[in-house]
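As structure tokens, the structure follows; a few thoughts come after it.
The values are calculated or read from the model by the stated rules, or taken from the named source; none is laboratory data. Everything numeric in this text was worked out from a predicted model, so none of it was measured. FYI the Cβ positions are ideal-geometry reconstructions off the backbone, even for glycines, and counts take in every protein chain you see. Accessible surface areas use protein heavy atoms only, side chains included; no ligands, DNA or RNA. Shrake-Rupley method; radii C 1.70, N 1.55, O 1.52, S 1.80 Å.
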Amino acid sequence: MTSFATSLQSAAFNANTKWIVVSTDTAVHYHLGVDPTATNADAILPANQSMLIPVGRKPTGKKLAIIAFA
């Protein structure tokens, strides 16, 4: 995914997805859900960092949304 000024969604995760690794070279806000929209109120991943994020017990159909840090 590429970070933009509007929220972008990843492809949906499958049933075997337990964790995702998110790595970015620019600061972003992120949100995880079935039809997520990231906003500046969501969690922040700082620039040049990686984070291991648990997808949850029912990952099928969940997606990751990101937006550039504002």
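Given the condition loosely packed, with under 11 Cβ neighbours inside 10 Å, modelled with pLDDT under 95 and within 11 Å of the chain's Cα centre (by Cα), answer yes or no: does some residue in segment 25-47 qualify?
Looking through segment 25-47, none of the residues is loosely packed, with under 11 Cβ neighbours inside 10 Å, modelled with pLDDT under 95 and within 11 Å of the chain's Cα centre (by Cα).
Within segment 48-70, count every residue that is open to solvent by 40 Å² or more (accessible area, probe 1.4 Å) and under 14 Å from THR6 (Cβ atoms). Spell out the reasoning first.
Narrowing segment 48-70 to residues open to solvent by 40 Å² or more (accessible area, probe 1.4 Å): 48-52, 54, 57-58, 60, 62-63, 69-70.
Remaining after also requiring under 14 Å from THR6 (Cβ atoms): 69-70.
Looking only at that region, the number is 2.
So which residues in segment 23-70 are small (Gly, Ala, Ser) and not in a strand (DSSP E or B), if there are any at all?
Residues of segment 23-70 small (Gly, Ala, Ser): 23, 27, 33, 38, 41, 43, 47, 50, 56, 61, 65, 68, 70.
The answer is ALA27, ALA38, ALA41, ALA47, GLY56, GLY61, ALA70.
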